[in-house]
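**Q** Below: one structure in structure tokens.
The values are calculated or read from the model by the stated rules, or taken from the named source; none is laboratory data. Remember, predicted model here, so these are calculated numbers, not experimental data. Positions of Cβ are generated from backbone atoms using ideal geometry, with glycine treated the same way; all protein chains shown enter the neighbour counts.
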């Protein structure tokens, strides 16, 4: 992929995980004003519509830390579809069994504790991804890709718990 035409350059920001939500939003709004179809002449409206669609895709991709990390790894040529480590899979299965028990007994205290535990784990994994990506070395990119595979399991588990209503 030509890095001159990547989502970061479209939004006028550096390729980095260290982007605040507000910085990203402000860049998006600025670019949106520049490419909005209604603000362009009839001759350039179609081009503006395409630019707006690309801008929206860039913003949606980069505003989520996991999709941003995947995108950075893709820019670096790293395969992001790595298998999950066996110990992570085992921990995930054990956590899901614990969740099932808590849901079956409607133990709201245990469910709330599990929600907190899972969110803390997700935050820890994302911090690891950020650290690996900051190194910008091939072996660190592989570790970041493995962390992305890991966080998927915990995000699914978190979603499962979010459906519980006491």
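**Q** Mind telling me which of the residues 87, 96 ends up being in contact (Cβ under 8 Å) with a residue 12 or more places away in the chain, surrounded by fewer than 18 Cβ atoms within 10 Å (Cβ to Cβ) and more than 22 Å from the chain's Cα centre (by Cα)? Spell out the reasoning first.
**A** Values: 87 fails: in contact (Cβ under 8 Å) with a residue 12 or more places away in the chain.
From the options 87, 96, the qualifying one is 96.
**Q** Consider only pairs whose beta carbons are under 9 Å apart and that are at least six residues apart or on different chains; among these, list those whose first residue lies in segment 1-24 and is under 20 Å from residue 131 (Cβ atoms) and whose second residue is in a helix (DSSP H, G or I) and at pLDDT below 90.
**A** Close Cβ pairs satisfying both conditions: 15/3.
**Q** Going by what's in this entry, would residue 82 be described as under 22 Å from the mean Cα position of the chain (by Cα), surrounded by 12 or more Cβ atoms within 10 Å (Cβ to Cβ) and modelled with pLDDT under 95? Write out each step before concluding.
**A** On the way: under 22 Å from the mean Cα position of the chain (by Cα): yes; surrounded by 12 or more Cβ atoms within 10 Å (Cβ to Cβ): yes; modelled with pLDDT under 95: yes.
Judged against the criteria, residue 82 is a match.
**Q** Further question: Only one of (1) over 30 Å from residue 9 (Cα atoms); (2) buried (at least 18 other Cβ atoms within 10 Å of the Cβ) is not met by residue 72, so which one is it?
**A** Condition not satisfied by residue 72: (1).
**Q** Can you find a residue that is closer than 22 Å to residue 21 by Cβ and assigned to a helix (DSSP H, G or I) anywhere in segment 95-107?
**A** Quick first cut of segment 95-107, residues closer than 22 Å to residue 21 by Cβ only: none.
Within segment 95-107, not a single residue is closer than 22 Å to residue 21 by Cβ and assigned to a helix (DSSP H, G or I).
**Q** Ok, one more. Using the structure shown, decide if residue 141 is within 20 Å of residue 85 (Cα to Cα) and touching a helix residue (DSSP H, G or I) at 6+ places or on another chain (Cβ under 8 Å).
**A** Yes; evaluated as a whole, the condition is true for this residue.
**Q** Give me the pairs, please: first residue somewhere in segment 100-120 and within 19 Å of residue 153 (Cβ to Cβ), second residue anywhere and modelled with pLDDT under 90 and not in a helix (DSSP H, G or I), beta-carbon distance under 9 Å, and either six or more positions apart or on two chains.
**A** Short answer, once both residue conditions are applied: 102/164; 103/164; 111/164; 111/166; 115/164.
**Q** Provide a single number: the residues in segment 121-139 that are surrounded by 13 or more Cβ atoms within 10 Å (Cβ to Cβ), free of Cβ contacts under 8 Å to residues at least 60 places away in the same chain and within 14 Å of residue 72 (Cα to Cα).
**A** Total satisfying the criteria: 2.
**Q** What's the number of the condition residue 86 fails, among (1) more than 30 Å from residue 24 (Cα to Cα); (2) touching a helix residue (DSSP H, G or I) at 6+ places or on another chain (Cβ under 6 Å)?
**A** (2)
**Q** Being in contact (Cβ under 8 Å) with a residue 12 or more places away in the chain and outside any helix (DSSP H, G or I) is the filter here, so list the residues in segment 140-166 that pass it.
**A** Selection gives 164, 166.
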